[in-house]
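All remarks here apply to the structure that follows.
The values are calculated or read from the model by the stated rules, or taken from the named source; none is laboratory data. Note that this is a predicted model, so its numbers are computed, not measured. Glycine gets a Cβ as well: all are built from the backbone with ideal geometry, and neighbour counts include every protein chain shown.
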Amino acid sequence: MDEYLREYEAATVDPDDRRRRRRLVASIGIAGLSLVTLGTLTTGALFSDSQDLGANAFTTGTVVIGTTPATALFTVNNMAPGDVVGKPLTVSNTGTLALRYATTATATDVDGKALRGQLQFSVYSNVAAAACNAGNTTGGTVLYGPAAIGASSGIFGDPAQGQQAGDRTLLASGSETLCFVASLPLSTGNAFQAATTTATFTFDAEQTANNP
């Protein structure tokens, strides 16, 4: 009897019903797969945070060289053979970086009498201002001369970039006093009467940091 009922039930199942059941099972399987995929995607939502580290400031330093006096170290009239005139000059670094400097000079010959080739200059370090004014350079260190200044002359150091022989250094806010001496030799002849020349000294500075 039981076998008869099972055969009857199997015979009464419509083929269309079977196809609908298969589609329904397939749809349920696809829906289940979609749910698994969605669950996989949403598991990446984690707590997070960020922090800005702002206001990082950078300021460059300065290289500033100055002289005191700034112009006309010498103004000498009625100079005679044998005269010696000393003038102290303070060189200062008013910048925020250490510097090195060199000095060059030029002299004119506007009247054609060539006094620039006759006049002798010397530059010293380690001479007190009072002694320099008196023309006393005893114990000083010679940086230049005595020698004439031509159309272009190096006094000490070299303005080319980098450390050169004779360059002088100053720390930030540092200074030093140099003694400049001008002299007219006793051997100066009559051809130089009423002669005139002007000299210009140029101080070139550069940073010492990262500049060997």
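Applying the selection to the range 75-109, what residues are in a loop (DSSP other than H, G, I, E, B), closer than 30 Å to residue 205 by Cβ and hydrophobic (A, V, I, L, M, F, W, C)?
76, 97, 98 - these are the residues of the range 75-109 that are in a loop (DSSP other than H, G, I, E, B), closer than 30 Å to residue 205 by Cβ and hydrophobic (A, V, I, L, M, F, W, C).
For the range 118-130, enumerate the residues that are in contact (Cβ under 8 Å) with a residue 24 or more places away in the chain, closer than 17 Å to residue 156 by Cα and part of a loop (DSSP other than H, G, I, E, B).
Of everything in the range 118-130, just one residue is in contact (Cβ under 8 Å) with a residue 24 or more places away in the chain, closer than 17 Å to residue 156 by Cα and part of a loop (DSSP other than H, G, I, E, B), namely 127.
Condition test on residue 197, is it in contact with a helix residue (DSSP H, G or I) (Cβ under 7 Å, 6 or more places away or on another chain), polar (S, T, N, Q), surrounded by 16 or more Cβ atoms within 10 Å (Cβ to Cβ) and closer than 16 Å to residue 101 by Cα?
No: the conditions fail for residue 197.
Conditions tested, residue by residue: (1) at pLDDT 95 or above; (2) among the basic types (Lys, Arg); (3) in a loop (DSSP other than H, G, I, E, B).
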residue: 111; (1), (2), (3): yes, no, yes
residue: 116; (1), (2), (3): yes, yes, no
residue: 155; (1), (2), (3): yes, no, no
residue: 169; (1), (2), (3): yes, no, no
